[in-house]
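Novice: I'd like to ask you about the structure that follows.
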Amino acid sequence: MTGASGIKLLTEDGRRLDGRALNEIRRCRIEAGVLKNADGSAYIELGRNKIIVAVYGPREVHPRHEALPDRMLLRCRYSMLPFSVADERKSPAPTRREVEISKVIREALEPAIFLEEFPRTSVDVYIEVIEADGSTRVASITAAAVALADAGIPMKDLVAGVSIGKIEGKLAVDLSGIEDQYGEGDMPIAMMPRLGEITLMQADGRFTREEIVQALKMAREAILKLYEEQKRALKERYSMVLATELGEER
Amino acid sequence: MSERIYTVVPAPRREAIRSMAKRGERVDGRKPEEYREVKLEVGMAGNADGSAKVSLGHTKVIAGVKVSLGQPFPDAPNAGVQIVHAELIPLASPIFEPGPPDENDVELARVIDRGLRSAPALKLEELVVVPGKQVWRVFVDIYPIDHDGNFIDASGLAAMGALLSAKIPKTVVTPDGAVAKTEEKVPLPIADIPVFVTIAKIGDVLVVDPCYEEELVMDARITFALTKDDRVCAIQKGGRGSFTPEEIERALDMALSVAPRLRAALENLRQSGGASPP
C-alpha cells in the first residue's frame, strides 16, 4: 500500500509503535528438531510470528514423473492456518498469495542446497504459519533453512531473511503486521549469511536507487543476527542428540 | 523455430551459451545490455475496453482491459478496483499445459499487479462513482501467445498499453442515486507509466531481456518495475541462483538505463490517440 495512510507509525522520539529503533529486529527465537515424524523441523518465533516448518526427504518422488535426472526436486508449501491472521478467518484453500510465496521461498532455499547430490529424490518443505504479524515469508525462510540443516541436507550455507520497509519515509528493519499494512513499502530480502549472496528479493512500494542500496546493507546486518540464532538453535539441537546417544552407549 | 523448444538444454549447448556470455556475446547476437526491438499495437480486441499486443523479438503477449461497475473492496471503500490475471496458455509454447493456473501464472500476474499498483499506474481514487458503493472495477487480463523469454517485461508493456488505450463509459448519477452509463467514452485516469525490466544472470554475467534459451541456462533473474521518476515500484527475484549486492546494483543500473526507451514506446502510443495526459 502506498501513499499516506494517516496512521502514525513513528513516535516523536523516532521509535516504532512497539518501541523498536528503525534498525532493530524483533525478538527472535528458533528451535530445531521439534517434530518426531519429520526428517527435519524447526519452530520460529519472530515477535508475535509463530511458524513451524517440517522437512521430509530426501525421498522417492511422487508422482514419479516429476523426478529430475540430475538433481533433487525441492518442493515448498507455505500455508497460513485459517486462524493465523488478525482479520477474518482465512480460507484453508491456498490463495494466490500463498502460491507465489511458496515459489519464492523455494527459490530462496535452492541456492544454498547441493541439489545435485541427490538426483531423482524430493525434499518437501512444509511451512505452517500459526500466528502472523508481518514478515512471515522471510521468517519462514529463516526457519526452513534450520529445518533443512536438521534433516541433514548438505548445504553450502544457511539462508535467513528479513523485510526492509518504509515507514514515514524512513527505512525500517523487520516490518510488523501494522507497519506492513500502513507503511509505504515492503522489501523482503533473504541471504546466505556467510556468503552474503541474495537469494530472495521482492518489493512493493516506491524506493529510490539509494534506498535499495541502503536496504541491502541493513538487511545484511539483521540477517547476521538471525544467523547467530539459527546456529545457536542447531548447536543446541545437536548437543542434545549427542547427549542422548552418549547416554545410550553407557 | 519450433525445433528450438526444449525444456532441458543439452550440456554442450549450455556450456556454449555460458562461455559466450563470458565473452560478452549472446545467442541472438545481442550485447549484454541490449534490449530486443519492442513493437506495440493497440485496439485489436474490439470488444475490450482497451487492448494491446506487444512483441519483444519473437515473444508476443496480448492484454485486454474490461471494466465493470461494482462494489469497492471493503478495506478501500473510496478506490476503484484493479485486478490483474495472467495465464500461460498452451497455445504459446509446448512447455505450457492446459489446466488451472500454476505458480508461474500466479507469479506473473502478481508481479505485474504490484508494479502497476505501487507506481501507481491508475488513479484508483478517480474510479469511484458513488463513494463506498459503486466503483469501476478494472480487469487486466494478460495472455502470452508466443514464448521466446521475458514474459514479465512484455506483459508489463501489454498491460500498460491496454490501460493507456482503454476508453470507458462516462457515468451520471441520477437524482434518485442510480448510476447510468452514457454514450460518451473517457480514458482511464493514468497517474504513471511503470515499465518492467528483467535482468538474467548467466554465470557472473548480467544480460537484459533474456530470450527463452537464456532463461533455460540462467542462474537467476531479477525484475525491477520503474516509475517515470526512476523510483523502483516492484522487485522480483526468480530462479535457483543468487545475486551479490553488487550484482543487484549493477542490474538496477541496467534497468534504469533501458526503462526510458520502453516507456517511450508507451508514450508514443498515447500521442497517437490513446489516453489523456497524466
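The values are calculated or read from the model by the stated rules, or taken from the named source; none is laboratory data. Bear in mind the structure is a predicted one, so any value in this text is a computation, not a measurement. For neighbour counting, all protein chains shown are included, and Cβ atoms are generated from backbone atoms with ideal geometry for every residue, glycine included.
Novice: Does B:Leu40 count as farther than 17 Å from B:Ile112 by Cα and in contact with a Phe, Trp or Tyr (Cβ under 9 Å, 6 or more places away or on another chain)?
Specialist: Numbers: farther than 17 Å from B:Ile112 by Cα: yes; in contact with a Phe, Trp or Tyr (Cβ under 9 Å, 6 or more places away or on another chain): no.
Against the criterion (farther than 17 Å from B:Ile112 by Cα and in contact with a Phe, Trp or Tyr (Cβ under 9 Å, 6 or more places away or on another chain)), B:Leu40 does not qualify.
Novice: For segment A:1-30, enumerate the residues that are surrounded by 19 or more Cβ atoms within 10 Å (Cβ to Cβ) and in a strand (DSSP E or B).
Specialist: Scanning segment A:1-30 gives A:Arg16, A:Cys28, A:Ile30.
Novice: When segment A:80-127 is examined, which residues are found to be surrounded by fewer than 19 Cβ atoms within 10 Å (Cβ to Cβ), farther than 24 Å from A:Asp157 by Cα and more than 14 Å from chain B (Cβ to nearest Cβ)?
Specialist: Across segment A:80-127, the qualifying residues are A:Leu81, A:Pro82, A:Phe83, A:Arg89, A:Lys90, A:Ser91, A:Pro92.
Novice: Quick check on my filter: what residues within segment B:5-31 are among the small types (Gly, Ala, Ser) and touching a residue at least 12 places away in the same chain (Cβ under 8 Å)?
Specialist: Once the filter is applied, which keeps residues that are among the small types (Gly, Ala, Ser) and touching a residue at least 12 places away in the same chain (Cβ under 8 Å), segment B:5-31 yields B:Ala21, B:Gly24.
Novice: Output the residues belonging to segment B:123-148 that are within 30 Å of B:Phe96 (Cβ to Cβ) and touching a strand residue (DSSP E or B) at 6+ places or on another chain (Cβ under 6 Å).
Specialist: B:Arg137, B:Val138, B:Phe139, B:Val140, B:Asp141, B:Ile142, B:Tyr143, B:Pro144, B:Ile145, B:Asp146, B:Asp148
Novice: OK, next. Taking the residues in segment B:203-219 that are surrounded by fewer than 24 Cβ atoms within 10 Å (Cβ to Cβ) and within 19 Å of A:Glu110 (Cα to Cα) as candidates, determine which candidate is nearest to the other protein chains (Cβ to nearest Cβ).
Specialist: Looking at the filtered set, the residue picked out is B:Asp219.
Novice: Consider segment B:45-85. How many of its residues are touching a residue at least 40 places away in the same chain (Cβ under 8 Å), more than 30 Å from B:Pro210 (Cβ to Cβ) and touching a strand residue (DSSP E or B) at 6+ places or on another chain (Cβ under 8 Å)?
Specialist: 12
Novice: Also, quick follow-up: Would you say B:Val65 is crowded, with 21+ Cβ neighbours inside 10 Å, more than 13 Å from chain A (Cβ to nearest Cβ) and modelled with pLDDT of 95 or more?
Specialist: So B:Val65 passes the test.
Novice: Please go through segment B:108-162 and give me each residue that is of a type in the set (Val, Ile, Thr) and part of a strand (DSSP E or B), ordered by number.
Specialist: Selection gives B:Val128, B:Val129, B:Val130, B:Val135, B:Val138, B:Val140, B:Ile142, B:Ile145.
Novice: Looking only at strands (runs of 3 or more DSSP E) that lie completely in segment B:26-71, which have at least 2 residues being touching a Lys or Arg at 6+ places or on another chain (Cβ under 7 Å) and on the phi < 0 side of the Ramachandran plot? Step through it out loud before you land on a result.
Specialist: Numbers: elements: B:38-42, B:50-56, B:59-70.
In segment B:26-71, the matching strands (runs of 3 or more DSSP E) lie at B:50-56, B:59-70.
Novice: Turning to a different aspect of this structure: Could you tell me how many of the residues in segment A:55-75 are buried (at least 17 other Cβ atoms within 10 Å of the Cβ) and touching an Asp or Glu at 6+ places or on another chain (Cβ under 8 Å)?
Specialist: Residues that pass the stated criteria total 7.
Novice: Within segment B:79-102, can one find any residue that is touching a Ser or Thr at 6+ places or on another chain (Cβ under 7 Å) and more than 19 Å from B:Leu188 (Cα to Cα)?
Specialist: Within segment B:79-102, the first condition is being touching a Ser or Thr at 6+ places or on another chain (Cβ under 7 Å), and the residues that meet it are B:86, B:95.
With the extra rule that they be more than 19 Å from B:Leu188 (Cα to Cα), the set shrinks to B:86, B:95.
Yes: one or more hits.
Novice: A further question on this structure: Which one of these is surrounded by 15 or more Cβ atoms within 10 Å (Cβ to Cβ) and of a type outside the set (Ser, Thr, Tyr): B:Asp75, B:Asp105?
Specialist: B:Asp105 is the lone residue from the list that is surrounded by 15 or more Cβ atoms within 10 Å (Cβ to Cβ) and of a type outside the set (Ser, Thr, Tyr).
Novice: Any residue in segment A:221-246 that's surrounded by 17 or more Cβ atoms within 10 Å (Cβ to Cβ): show its pairings with residues that are in a helix (DSSP H, G or I) at Cβ separation under 6 Å, as long as the two are six or more apart or on different chains.
Specialist: A:Leu226/A:Thr142; A:Gln230/A:Val146; A:Ala233/A:Val146; A:Leu234/A:Ala149
Novice: Follow-up question, since we're still on this one. Out of the strands (runs of 3 or more DSSP E) lying entirely within segment A:39-111, which hold 1 or more residues that are over 29 Å from B:Ala86 (Cβ atoms)?
Specialist: Here the list reads A:40-46, A:49-60.
Novice: Additional query: Which of the residues belonging to segment B:231-255 are within 7 Å of chain A (Cβ to nearest Cβ) and of a type in the set (A, V, I, L, M, F, W, C)? Before you say what the answer is, go through the steps one by one.
Specialist: Filtering segment B:231-255 for residues within 7 Å of chain A (Cβ to nearest Cβ) gives B:231-245, B:248-249, B:252.
Within segment B:231-255, B:Val232, B:Cys233, B:Ala234, B:Ile235, B:Phe243, B:Ile248, B:Leu252 meet the criteria.
Novice: Pull up segment A:195-220, narrow it to residues that are of a type in the set (A, V, I, L, M, F, W, C) and more than 7 Å from every other protein chain (Cβ to nearest Cβ), then point me to the one that is surrounded by the fewest Cβ atoms within 10 Å (Cβ to Cβ).
Specialist: Out of the qualifying residues, it is A:Leu195.
Novice: Quick check, is B:Lys228 part of a loop (DSSP other than H, G, I, E, B) and either modelled with pLDDT of 95 or more or at the interface with chain A (Cβ under 10 Å from one of its Cβ atoms) (or both)?
Specialist: Values: part of a loop (DSSP other than H, G, I, E, B): yes; either modelled with pLDDT of 95 or more or at the interface with chain A (Cβ under 10 Å from one of its Cβ atoms) (or both): yes.
Yes.
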